[in-house]
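The values are calculated or read from the model by the stated rules, or taken from the named source; none is laboratory data. These numbers were taken from a predicted model, which means no experiment stands behind them. When we count neighbours, we look across all protein chains shown, and the Cβ atoms used for this are built from the backbone with ideal geometry, even at glycine. Keep in mind that these areas ignore ligands, DNA and RNA; they rest on the heavy atoms of the full protein, side chains included. Shrake-Rupley method; radii C 1.70, N 1.55, O 1.52, S 1.80 Å.
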Amino acid sequence: MIRELTEKERLDAIDNAVAIIRRNLPEYTYKCQDTNTVDGIYKPIDNIEWTTGFWPGELWLAYLASDDEVFAHAAGIFVESFLERIKKHIAVDHHDMGFLYTPSCVAAYMLTHNAHAREAALMAADNLISRFQEKGQFIQAWGAMGADDNYRYIIDCMLNLPLLYWAEKETGKSIYREIALKHTKTCIANSFRPDYSSFHTFFMNKETGEPVRGETCQGYKADSSWARGQAWAVYGLALAYRHTGEKSYLDLFEHVSDYFMEKLPEDMIPYWDLIFTSGDEPRDSSSGSIVACGFLEAADSYEKNGEYEKARKYRKMAKELLKAIYDTCMVKKDEEGINGLVKHGTYSKKSPYNTCTPAGVDECVSWGDYYWLEALVRLGGSWKSWW
């Protein structure tokens, strides 16, 4: 029998997370956490990675969960770091402005009305739309703009688009929303196979803008479905519906979610690629937390639409995923030799078919920690999304 996370377990999980985050404050107030732990420990780094927004996001979530100003103070220090980063254009020649600036600066502005946070997030939104390619109608993921080998987007960008919807509301400038909608249309048209699995990355023709082919960078191979990519699609589609009200996004969300859930092993902790459903391949717990957030997002939308049965269905599945992580992957506050929140994540697993650099296999990963805590806080019922 599949069990759901109970309220007692949710509060216990939050207590563990807040205690670990509090213990980490001396090390990571003026330094960021690296993308993943190495032997259980996050290396302190400068604010240069695409993932460094997640740690201040954890701080804001810890503040909401505990009402302790020490977390808000530390997160506020990061606002200045993120403003300096975008002003000086430090390691921002890519599309991950939402991952960087939504949990760090949009959150800060929503919670404390910090003017520097608003300034930084709007500059990040401008940087994101500067990567829009008219031919093909997409936001280019990486590399020099228009480079032949990088004329592509990746599924992850669905989580960067909420920054653009926020910027449109803040400024009244429609360009942000228009680009978000165009990119979403391109992604939906090309990134999903007939069985609703997803390509990680998709190449477009530089001259004509026509679709060329789907590939993988971090999945097992081009015709498999990278677990975290499928998870980004689940949450990204749920968010796209909230920001647009476009019913077809929610319909697609259901199919993409079904594919993810059907590929889970018995213990419900995803393998790093959904082509694997058994065996000794590494898991990726972070994908489960991301999907849980997507399910809770969709449940809110269904409830607002009066579709209460579907709302209950997706909340139930979110609790089932979180229960699996609670039982198998959650770090306890008295656990030694590890300073992350969730074990058994995978950043980048090398295969014979992909091009990635192996890193963070069977470790804590920064987004896995963040989305775990987001889901736990969100389950409390009062969280207002900054995505």
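Which of the three applies to the chain, rounded, prolate or oblate, going by the alpha-carbon gyration tensor with a ≥ b ≥ c and a/c under 1.5 meaning rounded?
Note, shape of the chain comes out rounded.
Which net charge results when you count Lys and Arg as +1 and Asp and Glu as -1 among the other residues whose beta-carbon is under 11 Å from that of TYR249?
On the way: positive: LYS185, ARG242, LYS247; negative: GLU246, ASP251, GLU254.
Summing Lys/Arg as +1 and Asp/Glu as -1 gives 0.
Please calculate how many Å² of accessible area region 259-387 carries per residue, with a 1.4 Å probe and no DNA, RNA or ligand atoms counted.
For region 259-387, the per-residue accessible area is 39 Å².
Under the Kirkwood approximation for Rh and a Cα-based Rg, what ratio Rg/Rh is obtained for region 60-129?
Rounded to two decimals, Rg/Rh equals 0.99.
Over what distance in Å are the Cα centres of region 151-200 and region 325-387 separated?
24 Å
Can you give the calculated 222 nm mean residue ellipticity of the chain, where each DSSP H run of n ≥ 4 adds -39,500 (n - 2.57) and the sum is split over every residue, rounded to the nearest 500 deg cm²/dmol?
Using -39500 (n - 2.57) per qualifying helix, the result is -16000 deg cm²/dmol.
With only Lys, Arg, Asp and Glu charged, each at its Cβ (+1 for the first two, -1 for the last two), find how big the charge dipole of region 122-262 is about the Cα centre; round to the nearest 20 debye.
240 debye
Grab the eigenvalues of the alpha-carbon gyration tensor for region 288-358, scale each by 5, take roots, and send me the semi-axes largest first in whole angstrom.
Semi-axes (√(5λ), whole Å): 30, 19, 9.
Note the full-extension length gain between VAL212 and GLU178 as 0.36 nm times their separation in residues minus their Cα-Cα distance, in nm to one decimal.
Here the segment from VAL212 to GLU178 would lengthen by 9.9 nm.
Excluding ligands, DNA and RNA, what is the solvent-accessible area per residue of region 67-124 at a probe of 1.4 Å, expressed in Å²?
Value for region 67-124: 37 Å² per residue.
Sorting check: for 181-187, 93-99, 167-173, which peptide has the highest mean count of neighbouring beta carbons within 10 Å, and how do the rest follow?
Details: 181-187: 20.6, 93-99: 22.4, 167-173: 15.6.
Descending mean neighbour count gives 93-99, 181-187, 167-173.
Return the single residue from ALA19, ALA147, ALA124 with maximal mean-square fluctuation; model: Gaussian network over the chain, springs between Cα atoms under 10 Å.
Comparing ALA19, ALA147, ALA124 in the GNM, the peak value goes to ALA147.
Simple spin-label model, 7 Å along Cα-to-Cβ: ASP267 to LYS221 in nm?
2.7 nm
Considering every Cα-Cα pair within region 116-265, what fraction, in whole percent, is farther apart than 26 Å?
Cα-Cα pairs in region 116-265 separated by more than 26 Å: 24 percent.
Calculate the dipole size of region 221-341 relative to its Cα centre from +1 charges on Lys and Arg beta carbons and -1 charges on Asp and Glu beta carbons; express the result in debye to the nearest 20.
Using only the charged Cβ atoms, the result is roughly 420 debye.
Per-residue HN-Hα couplings for region 146-151, Karplus 6.51 cos²θ - 1.76 cosθ + 1.60 at θ = phi - 60°, whole Hz, x for Gly and Pro?
With coefficients 6.51, -1.76 and 1.60, one gets x, 4, 4, 7, 10, 7 Hz.
Note the full-extension length gain between ASP327 and THR171 as 0.36 nm times their separation in residues minus their Cα-Cα distance, in nm to one decimal.
Difference between extended and current length: 51.7 nm.
Along each of its three principal axes, how wide is the spread of alpha-carbon positions in region 55-182, in whole angstrom units, largest first?
49, 28, 25
Mind pulling the per residue volume of the convex hull built on the Cα atoms of region 195-320? Å³ is fine.
109 Å³
Enumerate lysine pairs in region 254-387 that are 8 or more residues apart or on different chains, then count those whose Cα atoms are under 21 Å apart.
25
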